[in-house]
Amino acid sequence: MSKIIGETLAHIPWQEKPEGLNAPVWRYDQNPIIQRDATPNSNSIFNSAVIPFGEGFAGVFRCDSRSVSMDIFAGFSEDGINWSINEEPIVFQGDEEIIKREYRYDPRVCKIDDKYYITWCNGYHGPTIGIAYTYDFQTFHQLENAFLPYNRNGVLFPRKIGNHYAMLSRPSDTGHTPFGDIFYSESPDLTFWGKHRYVMGTINSDASAWQSKKIGPGPVPIETDQGWLLIYHGVINTCNGFVYRIGCALLDLEQPWKVKARSRNYILGPQTLYECVGDVPNVTFPCATLTDAATGRIAIYYGCADTVTGLAFTTVDELLSYMEKYPLEV
Ligand code: BMA
């Protein structure tokens, strides 16, 4: 038995694993939990992040509008399943040069001490990583962009590592990025980022072809007694375009650029109608988890076909033993 290091969350959304299922992750049986038109002006709501907040939950949602403009919106829920998402996007306070909006998408939310940090893909003369914080999901303070363009998928660690804030990210290009590895960076103050270390990259062989084109960090890493459990997305290029699946890895607790284990198999991929059919077919894209340290339960929130939001379940033991059963040489 391995342990999640963190808070208990007795009201984590949960369903038991269906009997006989031969996979480490199982879908909520009422998926998708957020439909594409859940707000009056939304074309699609996907690649979104949630976190325990007050007695319930809060989240930051990627809603593309019916003019297909990409922005991020706060939302609230009592049970983590039924969400009420604001009709207006988040308005940021901060330096006027930085809060100018080009586009915003694929948010993550991470609590560090008493603040909730939002990171997202932020248009600033090309995609880079925006960072902001809030105490209450009403007022949001935007900080400097973490990196120069081009970067997507900035994911903070939920505590300092060796006295520094830490982030995983995925350097990219101006377009749909036909490459991509995961890097680690540190900062003393969330403004100046350095000590950029390579964590892991694509597997350009038959050994694990689902992650042969690019990979990127997904939800905030989960601290366990074995290491940081990282859930990430992996992409293969096919004659019908990119297919996005979900995998996992275990990173060293104090030196997270060191990979201790990684799954050869994906843990979830597009199989249902809502994952295979939508504005961008065959995409499962995880951006958040909820975890319960008391039971080891993990609820995964993931975008489906760039259109709706899905929920799936696993446990820390399911993922660690799956990595052991189907290991990738690291
Ligand atoms: C990536 C990002 C994600 C999207 C994915 C599939 O490059 O734009 O937001 O889910 O492509 O379209």
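When DSSP assigns beta bridges and you keep just the ones with both residues in the chain, what percent turn out antiparallel, to the nearest 5?
Numbers: 93 of 96 bridges.
Here the share of antiparallel DSSP bridges comes out near 95 percent.
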How large is log10 I(q)/I(0) at q = 0.11, 0.22, 0.24, 0.28 Å⁻¹ when the Debye formula is applied to the Cα atoms of the stretch 118-193, each weighted equally and without solvent?
-0.28, -0.99, -1.13, -1.35
Length gained if Arg101 through Leu148 is fully extended, taking 0.36 nm per residue and subtracting the Cα-Cα distance, is 15.3 nm
A correct Stokes-Einstein calculation for the stretch 1-94, using the alpha-carbon Kirkwood radius, 4 °C and 1.567 mPa s, returns a whole-number D in µm² s⁻¹ of 85
Multiply the residue gap between Glu7 and Gln271 by 0.36 nm, knock off their C-alpha separation, and tell me the result in nm, one decimal place.
91.8 nm
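Could you sort 191-197, 310-316, 282-288 so that the peptide with the highest average Cβ count within 10 Å comes first and the rest follow in order?
Numbers: 191-197: 13.1, 310-316: 22.0, 282-288: 26.4.
Top of the packing list down: 282-288, 310-316, 191-197.
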Output wanted: per-residue J couplings in Hz (rounded whole) for the stretch 74-91, from phi through Karplus 6.51 cos²θ - 1.76 cosθ + 1.60, θ = phi - 60°, x for Gly and Pro.
7, x, 9, 8, 7, 10, x, 10, 9, 10, 10, 9, 4, 7, 10, x, 4, 9
How much area per residue is accessible in the chain when the probe is 1.4 Å and only protein heavy atoms are counted (Å²)?
42
Give the shape of the chain as rounded, prolate or oblate, defined through the alpha-carbon gyration tensor: a ≥ b ≥ c are the square roots of its eigenvalues, a/c under 1.5 means rounded, and otherwise the shape is prolate if a/b is larger than b/c and oblate if not.
rounded
Placing one equal point scatterer on each C-alpha of the stretch 121-279 and summing with Debye, one gets log10 I(q)/I(0) at q = 0.19, 0.20 Å⁻¹ equal to -1.26, -1.35
Computed D for the stretch 135-179, Stokes-Einstein, Kirkwood radius over alpha-carbon pairs, 4 °C, 1.567 mPa s, to the nearest µm² per second, is 101
Can you give me the Cα centroid spacing of the stretch 23-89 and the stretch 226-286 in angstrom?
20
Peptides ranked, highest mean first, by Cβ atoms within 10 Å: ranges 95-105, 169-179:
169-179, 95-105
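State, to one decimal in nm², a quarter of the convex hull surface area for the C-alpha atoms of the stretch 239-318, i.e. the direction-averaged projected area. Please report the intermediate quantities before stating the final value.
On the way: hull surface 26.0 nm².
Averaged projected area of the stretch 239-318's Cα convex hull equals 6.5 nm².
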Compute the whole-percent fraction of alpha carbon pairs in the stretch 178-217 spaced more than 11 Å apart.
66
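The values are calculated or read from the model by the stated rules, or taken from the named source; none is laboratory data. Model, not experiment: these values are computed from the prediction. All Cβ positions, even for glycine, are placed from backbone atoms using ideal geometry, and neighbour counts span all protein chains on display. Remember, those area values only see protein heavy atoms, side chains included, never the ligands or the DNA or RNA. Shrake-Rupley method; radii C 1.70, N 1.55, O 1.52, S 1.80 Å.
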